1. Could you work out the mean projected area of the convex hull around the alpha carbons of the stretch A:52-94, in square nanometres to one decimal?
2. Taking each residue in B:22-28, count the Cβ atoms of any other chain within 10 Å of its Cβ, then average. What number comes out?
3. Taking A:Lys87 as the anchor, which aspartates and glutamates have their alpha carbon closer than 12 Å to its alpha carbon, excluding any fewer than eight residues away along the same chain?
4. Please list, ordered by chain and number, the residues whose modelled amide H lies under 5 Å from the amide H of B:Ala53; skip anything fewer than 5 residues away on the same chain.
5. Would you kindly derive the ³J(HN,Hα) couplings of the stretch B:126-134 from the backbone phi angles with the Karplus curve 6.51 cos²θ - 1.76 cosθ + 1.60 (θ = phi - 60°), listing them in order in whole Hz, with x for Gly and Pro?
6. Return the long-range amide H neighbours of B:Phe3 (sequence gap of 5 or more, or a different chain), with a cut-off of under 5 Å between placed amide H atoms.
7. Give the cross-link partners of A:Lys59 among the aspartates and glutamates, using a straight C-alpha distance below 15 Å as the criterion and excluding same-chain residues fewer than 8 apart.
8. Please report the relative contact order for chain B, taking Cα pairs under 8 Å with a sequence separation of at least 6, and give it as a percent rounded to a whole number.
Amino acid sequence: MIKTIKQIAINVNEEGYLTDFSQWTKEIGEEIAKENNIEMTDKHWQVISWIQEQVTAKKPLSIRGIKKSGVIDIKEFYALFPGGPLKVSTKIAGVPKPKSCI
Amino acid sequence: MLFILSKATIENVYAAFIMANGARMEGIESEIFFTFFGLEAIQKKKLEHLRVATVGNPAMHIPTMLGGLPGMEALATKMMKKEMEKLDMPPVGEFLEILSDSGCKLWACKLAVEMFHLKREDLIDEIEDIITVGDFYARADQENTHLLFI
């Protein structure tokens, strides 16, 4: 599917996740965040960068991984990205939705 | 999603934890009510010593007689924990911390706590409170609430 954000066409899947990470920019992340009623702060961006590093390094994302990340604790993670934090943060980060059950 | 955990075997405890955590990860509220043997999973001294049931469990694919031999439970438990670690599944204590931090509310059943002569300090700090069945049902008294007995 093609989605237009700020006049830029990006490829997304039916759930709205970017299918091509090379199309991701901070502006696009910011717009996706707004769609999820999130106003991005420095802390949000720190988490987003960490998630992108993990995915680039092919490390699986999990809630336990967040706990060990040293970037953020689980409570804060839930507070920053309400409504399913891993789901929402990966969408903003332009990476695939995690397939893990934990 | 409200879960009632009444058993202390590893497979049941993890089923409840994974389902409750999975709900939170999807943005769904979740709570666990620990009752009867389920209380073992929130007792400081016992929670890291839960075991797999090797007797009366056809899915183990070993004869019941063998399952009852000394050391069988410990062996099966060790093997299962190893597999879990491979999948990055946290140990029980850490899992409870994750659940609590994720906003999953953990409750202990008052009647069962009294029956097993437990005190508040025997239970992990993450427990919200020790409540009655009625209190728990009151929490479930909302639209779109699901109760699951494990």
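The values are calculated or read from the model by the stated rules, or taken from the named source; none is laboratory data. Computed from a predicted structure; not experimentally measured. No Cβ is skipped: glycine too gets one built from the backbone with ideal geometry, and neighbour counts run over all protein chains shown. Side chains included, ligands, DNA and RNA excluded: accessible areas come from the protein's heavy atoms. Shrake-Rupley method; radii C 1.70, N 1.55, O 1.52, S 1.80 Å.
1. Working: hull surface 11.4 nm².
Dividing the Cα hull surface by four gives the mean projection, 2.9 nm².
2. On the way: counts 4, 1, 5, 11, 4, 8, 2.
For this peptide, the per-residue mean of nearby foreign Cβ atoms is 5.
3. Partners found: A:Glu15, B:Glu26.
4. The list, which skips near neighbours in sequence, is B:Ile10, B:Glu11.
5. These are the phi-based 3J(HN,Hα) values: 5, 4, 5, 5, 9, 10, 8, 4, x Hz.
6. It is B:Glu31, B:Ile32, B:Phe33, B:Leu148, by chain and number.
7. B:Asp88
8. Values: 217 pairs, mean separation 49.8, N = 150.
Here the relative contact order equals 33 percent.
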